[in-house]
Amino acid sequence: MDCPRCDAPLEAYVLFGREAVACETCGYLGVTVEHRSEPREIESWQAAIDRFRSE
Ligand SMILES: [Zn+2]
């Protein structure tokens, strides 16, 4: 899967108990949603990191 913004390869991992994809090149962050195969952008990468560290 490639980044919808810049076509760089996405990193896949688990974030907040969900499967997520992230692009280190442009900061895109998406989560895969049930019933959909397309990742949905949820928030900025930095916001996700901040929230992850606060939990
Ligand atoms: Zn990107």
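The values are calculated or read from the model by the stated rules, or taken from the named source; none is laboratory data. Predicted, not measured: the structure shown is a model, and the values here were computed from it. Cβ placement follows ideal geometry from the backbone for every residue including glycine, while neighbour counts extend to all protein chains displayed. Surface accessibility is based on the protein's heavy atoms, side chains included, excluding ligands, DNA and RNA. Shrake-Rupley method; radii C 1.70, N 1.55, O 1.52, S 1.80 Å.
In the chain, which strands (runs of 3 or more DSSP E) lie fully inside it and hold 1 or more residues that are at pLDDT 75 or above, open to solvent by 90 Å² or more (accessible area, probe 1.4 Å) and among the small types (G, A, S)?
No strands (runs of 3 or more DSSP E) qualify here.
Kindly list, by first and then second residue, each pair from a residue in region 1-16 that is closer than 11 Å to Y28 by Cα and without any contact (Cβ under 8 Å) to a residue 60 or more places away in the chain to a residue that is of a type in the set (V, I, T) and within 8 Å of the ligand (Cβ to nearest atom), limited to pairs with Cβ atoms under 6 Å and residues at least 6 apart or on different chains.
C6/T25; A8/T25
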